[in-house]
Amino acid sequence: MQDTYLMVKPEAVAAGRTGAILELAERNGFQIVALRSLTLARPQAERFYAVHRERPFFPDLVRYISGGTVVGVHLRRADAVKRLRELVGSTNPSEAACGTIRFLYGTSIQENAVHASDSAENAGRELSIVFGEAD
């Protein structure tokens with residue numbers, strides 16, 4: 001079994017898509033280990049997206065992700081990182097495969113409904129940022 005991290009982004013939370021996204025995860029064999037609804041503080045968002053710090057879109061990304069409520073989801077299953085990335089689909093919703101989360105709920109490259117960890121190492125780091133700082 002492997003752990004991974006899924007974040008339902010602000011626009012998907014605001015549109016009431018969290019339940020449908022969680023249902024898709026469960027239907028695809030993921031166990032929900034923990035959930036946390038939160039608004040990322042700017043420093044927390046900067047740590048979360050630190051890998052993009054040198055990219056020109058970093059300030060906009062931090063502003064966007066800390067601008068509303070997100071739902072952090074700790075998921076578990078065999079080969080979780082790879083399987084979740086497949087379920088999430090392409091970063092660009094217009095290129096995402098039919099039936100993927102981003103195909104169903106994404107509206108743009110930035111507002112693409114969810115974030116999913118891209119490696120086991122990043123999953124551990126992201127889970128720590130969101131759930132290690134729980135109240």
In the Gaussian network model of the chain, springs joining C-alpha atoms below 10 Å, which of Ser117, Ser108, Ser90 carries the largest mean-square fluctuation?
Ser108
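So what is the relative contact order for segment 35-135, in percent, with contacts set as C-alpha pairs under 8 Å and at least six apart?
Numbers: 110 pairs, mean separation 24.7, N = 101.
The value is 24 percent.
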Dipole in debye (nearest 20) - segment 81-135, about Cα centre, beta carbon charges: Lys, Arg +1; Asp, Glu -1
240 debye
How much solvent-accessible surface does Leu6 expose, in Å² to the nearest 10, with a 1.4 Å probe and all protein chains in place?
0 Å²
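Go ahead and estimate [θ] at 222 nm for the chain from helices alone: -39,500 (n - 2.57) per DSSP H run with n ≥ 4, summed, over the residue count, rounded to 500.
Numbers: 7 runs with 56 residues, N = 135.
Theoretical 222 nm ellipticity from helices: -11000 deg cm²/dmol.
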For the chain, which DSSP H helices look membrane-span-like by this rule: Cα extent along the axis of 20 Å or more and mean Kyte-Doolittle of at least 1.6?
none
Restrict the search to segment 19-95; then list the GluC sites (Glu not before Pro) that DSSP places in a loop and that have at most 12 other Cβ atoms within 10 Å of their Cβ.
Glu54
Sorted from largest down, give the three principal axis spans of the alpha carbons of the chain, whole angstrom values.
34, 32, 26
Work out the length of the dipole vector of the chain about its Cα centre, built from +1 on the beta-carbon of each Lys and Arg and -1 on the beta-carbon of each Asp and Glu, and round it to the nearest 20 debye.
40 debye
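Quick check: at a probe of 1.4 Å, how many percent of the accessible area of segment 23-135 sits on carbon and sulfur atoms? Can you show the working numbers first?
Details: 2890 of 5910 Å².
Ligands and nucleic acids excluded, carbon and sulfur give 49 percent.
Where does the charge balance sit around Ile109 when Lys and Arg score +1, Asp and Glu -1, over other residues with C-beta under 15 Å from its C-beta? Numbers along the way, then the final one.
Numbers: positive: Lys9, Arg55, Arg102; negative: Glu11, Asp60, Glu95, Glu111.
Neighbour charge sum, excluding Ile109 itself: -1.
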Over the chain, with a Gaussian network built from C-alpha contacts below 10 Å, which listed residue (Gly19, Gly29, Gly124) shows the highest mean-square fluctuation?
Gly19
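The values are calculated or read from the model by the stated rules, or taken from the named source; none is laboratory data. Quantities reported herein were computed from a predicted structural model and do not represent experimental measurements. Every residue, glycine as well, gets a Cβ built from its backbone with ideal geometry; the counts of neighbours run over all protein chains shown. We work out accessible area using only protein heavy atoms, side chains counted, and drop any ligands, DNA or RNA first. Shrake-Rupley method; radii C 1.70, N 1.55, O 1.52, S 1.80 Å.
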